[in-house]
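The structure appears below as structure tokens.
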Amino acid sequence: MKRIFYFITVALAVITAGCHKSFLSVPPQGQQSIEAYYNYTGVQNLLTGTYHDLTGISTNSGWWSTSGTYWVYGDVTAGDAFTGGPNTLPDVSTIEQFEVSPFTGYMDDQWTTDYDGVSRANNTIIAAENATDMSDQQRTEALAEARFLRAHYHFNAKIMWNNVPWVDEAVVKTGNYSTLSNTVDIWPLIEADLQFAYDSLPEQQSQVGRVNKWAAACYLAKCYMFQAKYDSALTLLNTIIAQGKNSAGVAYDLNSCFHDNFDAATENSKEAVFQIQFSVDDNSYGYNSDLGETGNVPNLFYGPDPFYGYWKRPTFNLVNAFKTDVNGLPMMDASGKDTSNVTNMTNDMGIASADPFTPYAGTLDPRLDWSVGRRGIPYLDWGVDPGQDWAGGSSGQAIGGPYLPMKNVYMASQDFGIGGNNFYAAGGAGSSVNYSIIRFAEVLLWAAECEVEIGSLENARALVNRVRTRTVNTCLVLNGANPAANYFVSIYNTPWTDQTFARNAVRFESRLELALEGHRFFDLVRWGIAADYLNAYLQTEQTRIDHLKGVTFKAQNVYFPIPQKEIGLDHNLKQNPGY
């Protein structure tokens, strides 16, 4: 089935539609009137351009500051990843240490990219409304796709800054940007766009990667989750679980192998709800690849050693979370409190690759070694991780710890093929592994969370066990013919009778399943536990890695500061508290 490709020449197609604010307009590459797009082909080209901003790469953005995988804002801030040290990506270190300010450049980069996506969606809507050669069905479906994408970009802005302006096609038509403010809650407007998409989109699409009605339903449920509307979310989630299908018309389900969600050869699967369609084999010179993860994936450009200058390095705390107890369950006490971090998993911090090392011998959840690279364990098909030699030496470990990220990494056997090409994008490692903004495992865990909050604990246990059953049966990382580690994981066989335990168990499962997928920080915030959780994390982790010493999470850090540049452009914008 044909995939929707985000060719750079189409993605950066520009129209003039009266946009005057820098954070709302698409920068020109030559001028062309919007009227030129008032036809079916023009609308489809504009839609492709709107999809392209999912990657985070546009003429308004950086690579890492606007990564479509959200690792800077969702992983580094969440206790799941280290930046890799203060001398590599200074703005990311500032964000990791919760010292971000309205003048931090990454803030304006991300704001601009989100509203660039909004602008493209609005231009698509205007063109579709005025197209002269579209049937009513074609017009409605184009409007639904554009409104879905507009909702997505507004959603990103909402969870980043909370107090953000709503910009729709009416604003573009009138040019009344001076009336915009960020003092009105935009959740109802995001929901309205997603409801329209759910009601109007088909179940199947002719191109893989285009959203369908069930992707819209899942995103609407996600909005409900972020507002703690558990009853509304659960009603919708139950419908999705029973009836939902991907854009190819295949019923949603979990892949049998966990790693299939992160393999270029098995993407757009039955578990895929909404993915960014990265690619490297499309003559775009790497600019349709996952540039936001450049530096986090293997790179042969600089020599035979595939690992060079890594960021997004998994924390000790995250790796410890994958330890299991004597029953094959996460390490929790009777209340569901995480006890995995009391002792640190055996690691090779400070041990040279040439020196002897024995990996951790205790029992582990097998998802660990499909998510994180660690000494003595095969790193996909790139070979057995030798430790410091792949982690930048002792200095690399000192600033980033001993572990490497894995989930966005392509297989070595896919290099210069479907997975990646290291000579694209001026030497950056261009990975084509799709990124799941939403996958079905997360949908199941949302439903489990809802069941806990309404008091149906056994329903929640069944949903969590559905996710864990895949883990019990998943493909294991092998070292030769044998499991590479002491893998042992089981389902919850004892009924759940305590709501606090059940709530903590669901949240723990979400961390294990979705580790390093850019969601964690925003979940901590919506659960209302970010400050307590992160300060407890920092208290221990700063004894293991120097650059976190003295770092604390402050009350205002639950949301990021509005970029000062944007406040200067629009004086109606109010700064978030504490900045």
Checklist entry - So how tilted is helix 530-541 from the main axis of the chain? Cα-based, degrees 0 to 90, rounded to 10. => result 40
Checklist entry - Can you tell which of I186, N347, P314 lies farthest toward the positive end of the dipole of the chain, using +1 and -1 charges on the Cβ of basic and acidic side chains (Lys, Arg; Asp, Glu)? => result I186
Item to check | DSSP loop GluC sites (Glu not before Pro) with at most 16 other Cβ within 10 Å: longest gap in the chain | outcome: 204-579
Item to check | 0 to 90° range, to nearest 10: angle between helix 40-52 axis and the chain longest Cα axis | outcome: 30
Checklist entry - Sequence-distant or interchain residues sharing an amide H contact under 5 Å with G295, placed H: which? => result A429
Next on the checklist: I need the phi-derived Karplus couplings for segment 542-558: 6.51 cos²θ - 1.76 cosθ + 1.60, θ = phi - 60°, integer Hz, Gly and Pro marked x.
Outcome noted: 6, 7, 10, 9, 5, 6, 9, 4, x, 7, 9, 8, 9, 4, 5, 6, 5
Item to check | Per-residue HN-Hα couplings for segment 468-481 [Karplus 6.51, -1.76, 1.60; θ = phi - 60°; Hz; x = Gly/Pro] | outcome: 5, 4, 4, 5, 4, 9, 5, 4, 9, 6, 10, 10, x, 9
Item to check | Of G455, G392, T66, farthest towards positive along the dipole that unit charges on Lys, Arg, Asp, Glu beta carbons give the chain | outcome: G455
Checklist outcome for this item: For T324, the residues 5 or more places away or on another chain with a placed amide H closer than 5 Å to its own amide H are T363, L364, D365
Checklist entry - When W382, W161, W71 are ordered from fewest to most other Cβ atoms inside 10 Å of their Cβ, what list results? => result W382, W161, W71
Item to check | Relative contact order (percent, whole number), segment 35-122, Cα cutoff 8 Å, 6+ residue spacing | outcome: 35
Item to check | Dipole magnitude of segment 105-186, debye to nearest 20 (Cβ charges: Lys/Arg +1, Asp/Glu -1, about Cα centre) | outcome: 120
Item to check | Total formal charge among the other residues, if their Cβ is under 12 angstrom from that of L476, Lys/Arg +1 and Asp/Glu -1 | outcome: -1
Checklist entry - Fewest to most neighbouring Cβ within 10 Å: what's the order for Y310, Y579? => result Y579, Y310
Next on the checklist: Just to be sure I follow: if Rg is taken over the C-alpha atoms of the chain and Rh is the Kirkwood radius over the same atoms, what is Rg/Rh?
Outcome noted: 0.95
Next on the checklist: Using a 10 Å cut-off around each Cβ, can you sort F501, F416 from fewest to most neighbouring Cβ atoms?
Outcome noted: F416, F501
Checklist entry - What is the gain in length, in nm to one decimal, between N344 and N572 on full extension, counting 0.36 nm per residue of separation less the C-alpha to C-alpha distance? => result 77.2 nm
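Please compare each pair in K213/K312; K270/K407; K222/K270; K554/K574; K222/K565 to a cut-off of 26 Å on the Cα-Cα distance and tell me which ones are over it.
K213/K312; K222/K565
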Next on the checklist: Can you compute the modelled spin-label distance between C475 and R139, with each label point 7 Å from Cα toward Cβ, in nm?
Outcome noted: 4.8
Checklist entry - Given H placed on each backbone N at 1.01 Å, which residues far from F274 in sequence or on other chains put an amide H within less than 5 Å of it? => result I437, I438
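Could you calculate the FRET efficiency of N493 with T552 from 1/(1 + (r/R0)^6), where r is the beta carbon distance between them and R0 is 56 Å, rounded to 0.05?
On the way: r = 40 Å, r/R0 = 0.72.
Calculated value: 0.90.
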Checklist outcome for this item: Using alpha carbon centers only, segment 143-182 is separated from segment 350-396 by a whole-angstrom value of 44
Checklist entry - Residue by residue, what Karplus-based ³J(HN,Hα) values in Hz, rounded to whole numbers, does segment 399-406 have, using 6.51, -1.76 and 1.60 with θ = phi - 60° and x for Gly and Pro? => result 9, x, x, x, 9, 10, x, 9
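Would you calculate a helix-derived [θ] at 222 nm for the chain, using -39,500 (n - 2.57) for each DSSP H run of n ≥ 4 and dividing by the full residue count, to the nearest 500? Present the calculation step by step, with values, prior to reporting the outcome.
Working: 18 runs with 213 residues, N = 579.
The helix-only estimate for the chain comes to -11500 deg cm²/dmol at 222 nm.
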Item to check | Assigned charges on the beta-carbon of Lys, Arg, Asp, Glu; the chain dipole about Cα centre (debye) | outcome: 380
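Taking 0.36 nm per intervening residue step and subtracting the Cα-Cα distance, what contour gain separates Q539 from Q243 on full extension? Intermediate values should be presented prior to the final figure.
Working: separation 296, 0.36 × 296 = 106.56 nm, distance 4.52 nm.
Separation in residues times 0.36 nm, less the Cα-Cα distance, equals 102.0 nm.
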Checklist entry - Angle, helix 136-161 long axis vs. longest principal axis of the chain, Cα atoms, 0 to 90°, nearest 10? => result 50
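Every number in this text was worked out from the coordinates using simple rules, so none of it is lab data. Note that the structure is a prediction, hence the values are computed from the model and not measured. Don't worry about glycine lacking a Cβ; one is built from the backbone with ideal geometry, like all the others, and counts go over all protein chains shown.
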